[in-house]
Amino acid sequence: MISNINDVIGLFYPRICGGCDAHLRKHEQNVCINCLQRLPKTYYWDYKENPIEQLFWGKIKVDAACGFLHFGKDSTVQQLMHRFKYKSKTGIGHELGRQFAIILRDNQWFIDVDVIVPIPLHPSKQLRRGYNQSDYFAEGISEVYDVPARSHAMIRMVATDSQTRKSRFDRSENVEEVFRISDVDAIRGKNVLLVDDVVTTGATLEAAGNRLLEAGAAKLYIAVIAVG
Ligand SMILES: [Zn+2]
């Protein structure tokens, strides 16, 4: 007996885990419990100072920064991130955001956060991809903390190719011009959580974080799904 609309949808679009392709059970969303348990978590939330925070030392004032997973080649994380970023499996990002936020909140991280701001894509890139993956990560966190995610508070002025991001940043005369705040009222005086999918050098987050601080953010927090 088909009891609800989700069961009907499930007949035509089986609900599959984004990590291992197993059929999801009723209470599971996008990623199965087995995968969630086995994901290579950083446990940075237990550190007094963690490697992501250290990326910003001597550069910008970050009140706290944390990452959820280690990004390794051939890992479930890579599979999840690929489907999330390039295969329109946006629910994966939402679920990872939710799971990460539950851990963070339970460990007293970011408890006074007011607003969540995802790193924006350049409009031309977002048009090509159809979505900004970080918006979904932000929404998952937003749901747990019950604070708004403002995906239009910041815009990206310069298009960067992910393959050449580092070299372009190195060549850029003024990295600060990559981002611009488009809604100062959403930022000024607020404790802002800046979120991105992956962190490597931290250059992108630093550039965006600088803009938030210039716009009057009271505190700057950073959260990323994966640490490269
Ligand atoms: Zn799975």
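May I ask you to derive the FRET efficiency for Gln54 and Tyr13 from their Cβ-Cβ distance with R0 = 41 Å, giving the value to the nearest 0.05? Here the calculated transfer efficiency is 0.40. Cross-link pairs exceeding 19 Å in C-alpha to C-alpha distance, out of Lys41/Lys125; Lys41/Lys73; Lys41/Lys190, comprise Lys41/Lys125; Lys41/Lys190. The mean sequence distance of close C-alpha pairs (under 8 Å, at least 6 residues apart), as a share of the length of the chain, puts its relative contact order at 22 percent. For Leu24, the residues whose modelled amide H falls within less than 5 Å of its own, excluding neighbours fewer than 5 places apart on the same chain, are Arg15, Ile16, Cys17. Shown for the stretch 39-227: the carbon plus sulfur share of the solvent-accessible area, taken with all protein chains present and a 1.4 angstrom probe, equals 47%. A Cα-only calculation for the chain places Rg and Dmax at 17.7, 64 Å. For the chain, the solvent-accessible area of protein heavy atoms averages 52 Å² per residue (probe radius 1.4 Å; ligands and nucleic acids excluded). Placing pseudo-labels 7 Å out from each Cα toward the beta carbon at Ile155 and Lys87 gives an inter-label distance of 3.4 nm. When exposed loop sites are taken as GluC sites (Glu not before Pro) in a DSSP loop with at most 14 other Cβ atoms within 10 Å, the longest stretch of the chain clear of them is 50-172. Remark: the Asp112-Gln37 segment gains 24.2 nm on full extension, using 0.36 nm per residue and subtracting the alpha carbon distance.
Can you tally the net charge around Val144? Count Lys and Arg as +1, Asp and Glu as -1, for every other residue whose Cβ sits under 14 Å from the Cβ of Val144. Spelling it out: positives minus negatives among the neighbours equals -3. Label separation (Lys26 vs Ser182): 4.3 nm, computed from points 7 Å beyond Cα along the C-beta direction. Separation of the stretch 184-228 and the stretch 88-167, taken as the distance between their Cα centroids, equals 11 angstrom.
The values are calculated or read from the model by the stated rules, or taken from the named source; none is laboratory data. This structure is a prediction, so every number in the text was calculated from the model and none was measured. Virtual Cβ from ideal backbone geometry, glycine too; neighbours counted across all protein chains shown. Areas reflect the complete protein model, heavy atoms only, side chains present, ligands, DNA and RNA absent. Shrake-Rupley method; radii C 1.70, N 1.55, O 1.52, S 1.80 Å.
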